[in-house]
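See structure below.
The values are calculated or read from the model by the stated rules, or taken from the named source; none is laboratory data. Predicted model, so just to flag it, every value in this text is computed and none were measured. Counting neighbours? That spans all protein chains shown, and the Cβs are built from the backbone with ideal geometry, glycine included. When the accessible area is computed, the model is the full protein with side chains, heavy atoms only, and any ligands, DNA or RNA have been set aside. Shrake-Rupley method; radii C 1.70, N 1.55, O 1.52, S 1.80 Å.
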Amino acid sequence: MKLTPKQTQILKSFGYEIPLDFLRHYPYRYETLFQKPFSTWEKGELVIFEADLVSGFKTFRFGKNQSKTSFQVVYDGTPLTVTLFNRPYLKMSHYENNMVITGTYNDNYQINARSITNKPLETQTGIIPIYPMKQGIKQYEIKRLMTKILKDAKIKDIVPEVYIKNYRLMHRRDALKSLHNPTSQEQIHQALRTLKYEEFLIFHLANALNSSDFEYGHIKKIDKDMLKSRIQALPFSLTADQILVLEEINQDLSSTKQMHRLLQGDVGSGKTIVALLSAMSVIDNGYQVAFMVPTEILLEQHEKSLNCFFKDVRYEVISSSTPNKEVIINRLKEGDLDLILGTHTLFQDSVTFKNLGLVIIDEQHRFGVSQRKALISKGDVVDVLMLSATPIPRSLASSIYFDLDVSTIQTYPEFKKENTTYVVKENSMRTIMDDLLKRLQSKDQMYVVCPSIDDAKAYGYRNVLDIYESLKEPFKDYRLGMIHGKMSSEDKEKIMTSFSNHEIDILISTTVIEVGIDIPNANTMVIYNAEMFGLSTLHQLRGRIGRGEKAGVCYVLTDKDQEETLERLTYFSETNDGFKLSMKDLRMRGMGDILGERQSGLPNFVLGDIEQDQNILNQAKQDAKTMLKDIDNADFRTIVKISSELKMVYN
């Protein structure tokens, strides 16, 4: 296919290498344009009409290379004044026989034209695709390029013929043509149905091709009496959801199936204790357990839980800052440890196990695919339990994940308090200073969260170092501390110990405190530049407060007045339900923000909406499973090739 230099430039400016891929540059909306009588026009309406030119063109120039041209036309027996910007070289001779005007009706017989042409009216009306733009590229140039590619490109079906027939889908060429050059709304609907299914089927088949990694597992016998005694020894009662989820995990462990389960639940719902109880059952069977977490702060929190509830288990903690790692690694190799708590250090080659039976991965979306597999491969058919505090509805999670069972804790422990959140429409503590001082006077401790450590001043974002200095004077009667990701592990541990012992009243921090912090006396939080964070991240941060006897108060600060920003933050202030917040984030920011970027195993689908299109998503999942049983079928060759290339991206 031969493209002009300009068309090649358009292709590359949108990030496409070959013309066929540019067909995935879909319209983001459509305009329906048909000529209608003048008497039906309304102010502000976009109209198109064929008129008679009855005056010359009067052009007024202003600014640098800018102009305004006015002229009169008659349409439907009515004289109208038309204004057009930056078209100073119009000639009357071009429009003597025909003039078609597209523009906005401003009332008082005034039209702000966006285009005029002497082409026939029927070529300008209909359903008009509107494409995402870039500077220097015009809509008509994109449409012209699309038309050329659709005409010249060889477009083969990706979806196997059997599914095209079964679901009455369009062939791929027809679907793409219908999206880029539709003649009816029904045509657009059918094209979208076809291409969404194609998108979902590729995604699920990519995951299906990885499903062969899961094998028959080793049966673990669950000692129900021992489990019951451990649960009764806890200083609190498990919720109904925790008990149900524990039973689901135990069923996996005691079956011939290798467990590959996601345990999701809101902040403070009690996922960790369920995971640890499961670990004890595996240890009872003579296996070792690896519990991997993303941060050293979270590592310390889980160590506290082990010390508090399971003192008889032989465990060690390992991270990049751990001294004498060789001793711990050797004990693990010899089987002298039942459980190892660790950060990324766990998937290094030097860490080996005598009999690894269960891998627990907390905040699983923070680890890459290769990292998770590196740890899981250290044992023979290891059971896997992944934890996530950014939950989505179970039915949706089951639709998205392929060979991953989903357990959900939706209820909260009875002792959990509901926090109150306020939106402050300025990026300053000025208006809430009195409230903050009162809370500190009542012996509360406070978090102050900033989006950056030290390099965001030029962008108007607050950073930890500046805020730490600026708060010394207004809070001179209180002890300040700060913590961020660039500090050494020893320094971070020292700061958190001081904060835990109430030797620090105000802790200025980045999102390093997002998970793993449990300070019962810290019940106040201020978040600068709240518009910078997704709702799920804000909710994780807010989950650090209200963990003791008192409910927490969270202030989210922003100086942005965009409608979407204020809508998101207002919704956050009114909602403490992590499931609802995750779904809101999903609708407004896309899936990457909910479960982590590429490492989440979820693509940001171009056309498909995983909430609105669950029926299509589910059907595609079932069809991918069916295809897996007959993977060498020649009719599946095209989609299998495409999915094979994507499987490490999606899974």
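Below is a table of values for the structure above.
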| quantity | calculated |
| --- | --- |
| Residue within the stretch 121-142 that is open to solvent by 80 Å² or more (accessible area, probe 1.4 Å), of a type in the set (S, T, Y), within 30 Å of K2 (Cβ to Cβ) and modelled with pLDDT under 95 present | yes |
| Where N108 falls short, out of the listed (1) at positive phi; (2) more than 37 Å from the chain's Cα centre (by Cα); (3) touching a residue at least 24 places away in the same chain (Cβ under 8 Å) | (3) |
| Residue pairs meeting the criteria (Cβ under 6 Å; at least 6 apart or on separate chains; first open to solvent by 50 Å² or more (accessible area, probe 1.4 Å), in the stretch 15-30; second part of a strand (DSSP E or B) and of a type outside the set (D, E)) | R29/I130; Y30/I127; Y30/P129 |
| Residue check for K494: modelled with pLDDT of 90 or more, basic (K, R) and over 31 Å from the mean Cα position of the chain (by Cα) | no |
| Residue list for the stretch 75-87, restricted to those being open to solvent by less than 50 Å² (accessible area, probe 1.4 Å) and more than 14 Å from G56 (Cβ to Cβ) | Y75, T78, L80, T83 |
| Subset of the stretch 470-490 that is more than 34 Å from the chain's Cα centre (by Cα) and open to solvent by 70 Å² or more (accessible area, probe 1.4 Å) - its residue that is nearest to M446 (Cα to Cα) | R479 |
| Selected residue (only one of S321, S255 is of a type in the set (S, T, Y), over 26 Å from the mean Cα position of the chain (by Cα), farther than 20 Å from I376 by Cβ and at pLDDT below 95) | S321 |
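Conditions (1) of a type outside the set (D, E); (2) under 17 Å from the mean Cα position of the chain (by Cα); (3) under 28 Å from T272 (Cα atoms); (4) open to solvent by less than 30 Å² (accessible area, probe 1.4 Å), marked per residue:
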{"residue": "T524", "(1), (2), (3), (4)": "yes, no, yes, yes"}
{"residue": "H539", "(1), (2), (3), (4)": "yes, yes, yes, yes"}
{"residue": "G546", "(1), (2), (3), (4)": "yes, no, yes, yes"}
{"residue": "K550", "(1), (2), (3), (4)": "yes, no, yes, no"}
{"residue": "V553", "(1), (2), (3), (4)": "yes, no, yes, yes"}
{"residue": "D561", "(1), (2), (3), (4)": "no, no, no, no"}
{"residue": "E567", "(1), (2), (3), (4)": "no, no, no, no"}
{"residue": "N576", "(1), (2), (3), (4)": "yes, no, yes, no"}
